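I have placed the structure first, in the form of structure tokens, so that the comments after it can refer back to it.
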Amino acid sequence: MGPAPFLPMPAAELCDRPVTVEQVWGRPAIAELRDRLATADGPHEMLTLLEEELMRRLCETAGLGLVRHTSSVIAETSGAVAIGDLSVAAGVSSTHLAQRFKELIGVTPKRLARTYRFAAYDYTRAYWDQIGVTIVGRHVFDLNGWDGKPPSGIDHVVVVTHRPMPGGWDPEAPFHFVDGVEAAVAKAQELAGDRLIEVAAGDVGGKVLAAGLIDEVRMDVVPVVFGSGKRYCGSVHAQHLLEDPDVAIQGNRVLHLRYRVRR
């Protein structure tokens with residue numbers, strides 16, 4: 001929960017500050033503890049006395065339960081909660097809540113909530129910044145052609161299709177129409193340079209996975225059950241094993257997962 005139960009100063013103010021136990025707990029308390037330790041029957045009992053004193057001070061910390069509960073709500077919602085609503089629900093003012101947070105964990109509840117919200121953003125933004133080319137099927141393209149501008153700052157989109165590009169489509173737009181998965185991968189490698197190639201899920205993604213050309217699989221899981229739709233890896237039938245997830249980041253009602261493909 002933080003050092004606040006044991007230190008008479010906000011955690012945010014701690015920065016290589018040497019202090020003695022007497023400065024922290026006071027001379028009378030230390031004198032009493034020293035007398036108790038002197039009469040202890042061996043090292044084990046001395047450690048037990050120290051542990052009991054630490055736990056006693058922890059239990060006596062004012063506002064600890066409030067901060068624990070509020071911070072757990074912030075964590076469960078990934079920061080997507082109004083701090084004002086939390087203070088109202090707890091029956092305290094926003095100022096009081098902020099003071100307790102500063103004293104116990106060194107940051108305000110708003111700063112803590114912002115940290116949770118930005119954790120997912122930092123992950124997704126860093127990922128998109130590495131992508132040079134995205135390979136999609138015609139179905140995804142027809143859902144949203146992005147007006148000829150690749151999404152999320154990606155340089156190029158390669159579309160796997162047996163149909164011609166749409167009428168009136170700008171031939172200078174960075175969209176490349178090819179008639180097969182092999183041609184799509186070759187074109188993407190030509191365009192990507194030293195950046196990553198992303199393959200959309202679905203039939204195209206399943207075919208590239210089946211060809212052994214996928215290094216990792218990323219999933220963004222949200223709490224919605226559609227009841228129908230397309231399979232994540234399309235019509236791929238053979239079993240393909242993935243390693244345990246090496247990334248699992250909680251966002252606002254979304255869980256970002258990444259798996260390496262087992263070779």
Open item on the list: Among the residues of the stretch 196-217, are any acidic (Asp, Glu) and buried (at least 18 other Cβ atoms within 10 Å of the Cβ)?
Closed with: yes
TODO: Counting only residues that are of a type in the set (Lys, Arg) and in contact (Cβ under 8 Å) with a residue 12 or more places away in the chain, give me the helices (runs of 4 or more DSSP H) lying completely in the stretch 47-125 with at least 1 of them.
DONE: 64-76, 94-104
Open item on the list: When you check ILE135 against the structure, is it assigned by TED's automatic domain parsing to the domain that holds ALA200, at pLDDT 85 or above, crowded, with 17+ Cβ neighbours inside 10 Å and not charged (D, E, K, R), yes or no?
Closed with: yes
TODO: Give ALA82, ALA126 a once-over and let me know the one that is under 30 Å from VAL199 (Cβ atoms), among the small types (Gly, Ala, Ser) and either loosely packed, with under 15 Cβ neighbours inside 10 Å or at pLDDT 90 or above (or both).
DONE: ALA126
- [ ] May I ask you to say which residue of VAL159, VAL140 is among the hydrophobic types (A, V, I, L, M, F, W, C) and over 30 Å from the mean Cα position of the chain (by Cα)?
- [x] VAL159
Open item on the list: Restricting to the stretch 98-113, count the residues that are surrounded by 18 or more Cβ atoms within 10 Å (Cβ to Cβ) and among the basic types (Lys, Arg).
Closed with: 2
Open item on the list: Suppose the filter is surrounded by 12 or more Cβ atoms within 10 Å (Cβ to Cβ), farther than 23 Å from VAL204 by Cα and touching a helix residue (DSSP H, G or I) at 6+ places or on another chain (Cβ under 8 Å); does TYR116 pass it?
Closed with: yes
Task: Which listed residue, of ARG253, ARG260, is more than 22 Å from GLY137 (Cβ to Cβ) and at pLDDT 95 or above - done: ARG260
Open item on the list: THR95 - would you say it is on the phi < 0 side of the Ramachandran plot, of a type in the set (Ser, Thr, Tyr) and loosely packed, with under 15 Cβ neighbours inside 10 Å?
Closed with: yes
Open item on the list: Would you confirm, using the coordinates I've provided, whether GLY153 is exposed (fewer than 13 other Cβ atoms within 10 Å of the Cβ), within 22 Å of the chain's Cα centre (by Cα) and at positive phi?
Closed with: yes
TODO: Considering only the stretch 208-263, state which residues are of a type in the set (Gly, Ala, Ser) and over 18 Å from LEU196 (Cβ atoms).
DONE: ALA210, GLY227, SER228, GLY229, GLY234, SER235, ALA238, ALA248, GLY251
Open item on the list: Among the residues of the stretch 6-18, are any part of a loop (DSSP other than H, G, I, E, B), at pLDDT 70 or above and surrounded by fewer than 14 Cβ atoms within 10 Å (Cβ to Cβ)?
Closed with: no
Open item on the list: Step by step: first the residues of the stretch 49-69, then only those that are of a type in the set (Gly, Ala, Ser) and surrounded by fewer than 14 Cβ atoms within 10 Å (Cβ to Cβ), then the one that is modelled with the highest pLDDT. Which residue is that?
Closed with: GLY65
Task: Filtered residue count, the stretch 205-237, keeping only those that are at pLDDT 85 or above and either over 19 Å from THR124 (Cβ atoms) or in contact with a Gly (Cβ under 9 Å, 6 or more places away or on another chain) (or both) - done: 16
- [ ] Select from the stretch 231-263 the residues that are without any contact (Cβ under 8 Å) to a residue 40 or more places away in the chain and small (Gly, Ala, Ser) and write down the one among them that is nearest to ARG218 (Cα to Cα).
- [x] ALA248
Open item on the list: Can you list the strands (runs of 3 or more DSSP E) lying wholly within the stretch 157-263 that have 3 or more residues being over 13 Å from THR134 (Cα atoms)?
Closed with: 216-221, 247-251, 254-260
TODO: May I ask you to verify whether SER152 is free of Cβ contacts under 8 Å to residues at least 40 places away in the same chain, in a loop (DSSP other than H, G, I, E, B) and not β-branched (Val, Ile, Thr)?
DONE: no
Task: Lone qualifier among GLY132, GLY84, GLY106 - being closer than 29 Å to HIS156 by Cβ, of a type in the set (Gly, Ala, Ser) and more than 16 Å from the chain's Cα centre (by Cα) - done: GLY132
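The values are calculated or read from the model by the stated rules, or taken from the named source; none is laboratory data. Remember, predicted model here, so these are calculated numbers, not experimental data. With ideal geometry, Cβ positions are generated from the backbone for all residues, glycine too; neighbour counts draw on all protein chains shown.
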